[in-house]
Structure formats: structure tokens, C-alpha cells
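The values are calculated or read from the model by the stated rules, or taken from the named source; none is laboratory data. Keep in mind that what you see is a predicted model, and the values were worked out from it rather than measured. Counting neighbours? That spans all protein chains shown, and the Cβs are built from the backbone with ideal geometry, glycine included.
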Amino acid sequence: MKLDMDLVRDLLLQIESLKPYEGFLIIEKDKLIDAEHIELLIEANLIKGSVKLLYPRIPDIKVFRLTWEGHQFLETIRDDKVWRNTKSTLSKAGSFTLDLIQKVAVDIITKQINS
């Protein structure tokens, strides 16, 4: 599976909209790619939740909330224009990390503030 950063951003925005302590995000049975991304978001400490694979390959996903790191990351890429410019800048590099995405987005936001 290839990491889809647009999907990551969309998932973080959905998770942010959850009401605290009132349930969790539900992923459709046919959305295994979303389940894999959710699992990666948990591993990256951007969200609190769990993913279990039930028979036959049906994900049982519970997503409770964004972590502090998840909120900080989402704030840097929330704005559509900043996100587009971040992706455009990073496309020149070919590959990148979450840290680099955040640094590029912060640089873009800083330039907007200073202009």
C-alpha cells in the first residue's frame, strides 16, 4: 500500500470533527485502504484508536480522537491553499516525511504572514 497524504489529511479532518467521548469513526467494510491508513496514523501517534482485522478481512476500527501531535500536524495543513502549495513544493523532492510536510507547511504559512 502506498501512503496517500490526501487521504491522511481527510481522515484527520473527519476525526477532528468527532464529538469528544461520544463514539468513534466508523470505516466501511470495503475501505481496507482507510483502515491501513488509520493504523498508520495510530502508529505515528497522530490519533488514539485501534484497528483489529476480523474474519474475513473486515476491519474493526475504533478512532477516539486526535493526539496533541495530530492537532499540531493538522493545523499546519488545514488550509486548502497551504495544503496545495505544500504538496506542490514537496513534489519536487519526490519523497518526504511527516516532519518535512509539517516544516514546509509552516514555512508557507510564515511567508503568508510576512507578506
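Structure summary
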{"quantity": "Qualifying position, being in a strand (DSSP E or B) and either buried (at least 17 other Cβ atoms within 10 Å of the Cβ) or not basic (Lys, Arg) (or both), among Gly49, Gly94, Gly70", "calculated": "Gly49"}
{"quantity": "The stretch 76-91, residues that are surrounded by 16 or more Cβ atoms within 10 Å (Cβ to Cβ) and free of Cβ contacts under 8 Å to residues at least 40 places away in the same chain", "calculated": "Thr76, Val82, Asn85, Thr86, Thr89, Leu90"}
{"quantity": "Residues that are in a helix (DSSP H, G or I), more than 16 Å from Asp6 (Cα to Cα) and not basic (Lys, Arg), drawn from the stretch 100-115", "calculated": "Val106, Asp107, Ile108, Ile109, Thr110, Gln112, Ile113, Asn114"}
{"quantity": "Filtered residues of the stretch 46-75 (kept if farther than 22 Å from Pro20 by Cα and of a type in the set (Val, Ile, Thr))", "calculated": "Ile58"}
{"quantity": "Unmet requirement for Asp80, which otherwise passes all of (1) of a type outside the set (Gly, Ala, Ser); (2) within 17 Å of Ile15 (Cα to Cα); (3) more than 12 Å from the chain's Cα centre (by Cα)", "calculated": "(2)"}
{"quantity": "Yes/no for Arg78 being of a type in the set (Lys, Arg) and in contact with a strand residue (DSSP E or B) (Cβ under 8 Å, 6 or more places away or on another chain)", "calculated": "no"}
{"quantity": "Residue count, the stretch 83-110 (criterion: within 16 Å of Leu40 (Cα to Cα) and more than 14 Å from the chain's Cα centre (by Cα))", "calculated": "1"}
{"quantity": "Tally of residues being modelled with pLDDT of 80 or more and part of a loop (DSSP other than H, G, I, E, B) across the stretch 1-41", "calculated": "5"}
{"quantity": "First in the stretch 45-57 and under 13 Å from Ile15 (Cβ atoms), second anywhere and acidic (Asp, Glu), Cβ under 6 Å, 6 or more apart", "calculated": "Leu46/Glu69"}
